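Colleague: A single structure is presented below for examination.
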Amino acid sequence: QVQLVESGGGLVHTGGSLRLSCAASGSIFSINAMGWYRQAPGKQRDLVATISRGGSTNYADSVKGRFSISRDNAKNMVYLQMNSLKPEDTAVYYCNANGVRTLSSLVLRDYWGQGTQVTVSS
């Protein structure tokens, strides 16, 4: 089994900061890319940021310049530093691991965490 667990969500005021963490566990051989997605009530799940195994990053236009994604390949962890938070950032944030190869299978699969709530009050 492969499990992703997010942490670090919470309630902050506009302009505040939060740092989200995601730990992937299980018999993992490798993970190609990791990322963060978010979903507000009644809306679709959207990409926030991704980072490749080599460190190449990609950000949604709405968060560029405010959020920063990083990862620790040795620990199979990914982080999202969120600064200058706005009410529109309020959502459940989900961690994603893309192209995961386990020790028991050569098949690449994607995994999702359970999500962590981020609420930004005005």
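The values are calculated or read from the model by the stated rules, or taken from the named source; none is laboratory data. Fair warning: this is a prediction, and the values are worked out from it, not measured in the lab. Cβ atoms come from the backbone with ideal geometry, glycine included; neighbour counts cover every protein chain shown. Surface accessibility is based on the protein's heavy atoms, side chains included, excluding ligands, DNA and RNA. Shrake-Rupley method; radii C 1.70, N 1.55, O 1.52, S 1.80 Å.
Colleague: Quick one: would you say VAL107 is out of contact with any helix residue (DSSP H, G or I) (no Cβ under 9 Å at 6 or more places or on another chain), modelled with pLDDT under 95, part of a strand (DSSP E or B) and open to solvent by 20 Å² or more (accessible area, probe 1.4 Å)?
Modeller: Yes: the conditions hold for VAL107.
Colleague: Kindly evaluate SER7 against the criterion of being surrounded by fewer than 14 Cβ atoms within 10 Å (Cβ to Cβ) and within 15 Å of the chain's Cα centre (by Cα).
Modeller: Criteria met by SER7.
Colleague: Given (1) of a type outside the set (D, E, K, R); (2) in a strand (DSSP E or B); (3) without any contact (Cβ under 8 Å) to a residue 60 or more places away in the chain, where does PRO41 come up short, assuming only one miss?
Modeller: Result: PRO41 fails condition (2) only.
Colleague: Can you work out which of the residues in segment 13-34 that are under 18 Å from VAL63 (Cβ atoms) and within 11 Å of the chain's Cα centre (by Cα) is most open to solvent (accessible area, probe 1.4 Å)?
Modeller: Among those that are under 18 Å from VAL63 (Cβ atoms) and within 11 Å of the chain's Cα centre (by Cα), it is ARG19.
Colleague: If you check GLY55 against the conditions, is it without any contact (Cβ under 8 Å) to a residue 40 or more places away in the chain, outside any strand (DSSP E or B) and open to solvent by less than 60 Å² (accessible area, probe 1.4 Å)?
Modeller: yes
Colleague: Follow-up question, since we're still on this one. Which numbered condition in (1) open to solvent by 80 Å² or more (accessible area, probe 1.4 Å); (2) more than 24 Å from VAL2 (Cα to Cα); (3) part of a loop (DSSP other than H, G, I, E, B); (4) at pLDDT 95 or above is the only one that GLU88 fails?
Modeller: All conditions pass for GLU88, except number (3).
Colleague: Of the conditions (1) under 15 Å from THR116 (Cβ atoms); (2) in contact with a Leu (Cβ under 6 Å, 6 or more places away or on another chain); (3) open to solvent by less than 40 Å² (accessible area, probe 1.4 Å), TYR37 clears all except one; give me its number.
Modeller: With (1) under 15 Å from THR116 (Cβ atoms); (2) in contact with a Leu (Cβ under 6 Å, 6 or more places away or on another chain); (3) open to solvent by less than 40 Å² (accessible area, probe 1.4 Å) applied to TYR37, the lone miss is (3).
Colleague: Ok, one more. Answer yes or no as to whether LYS43 is under 15 Å from the mean Cα position of the chain (by Cα) and basic (Lys, Arg).
Modeller: no
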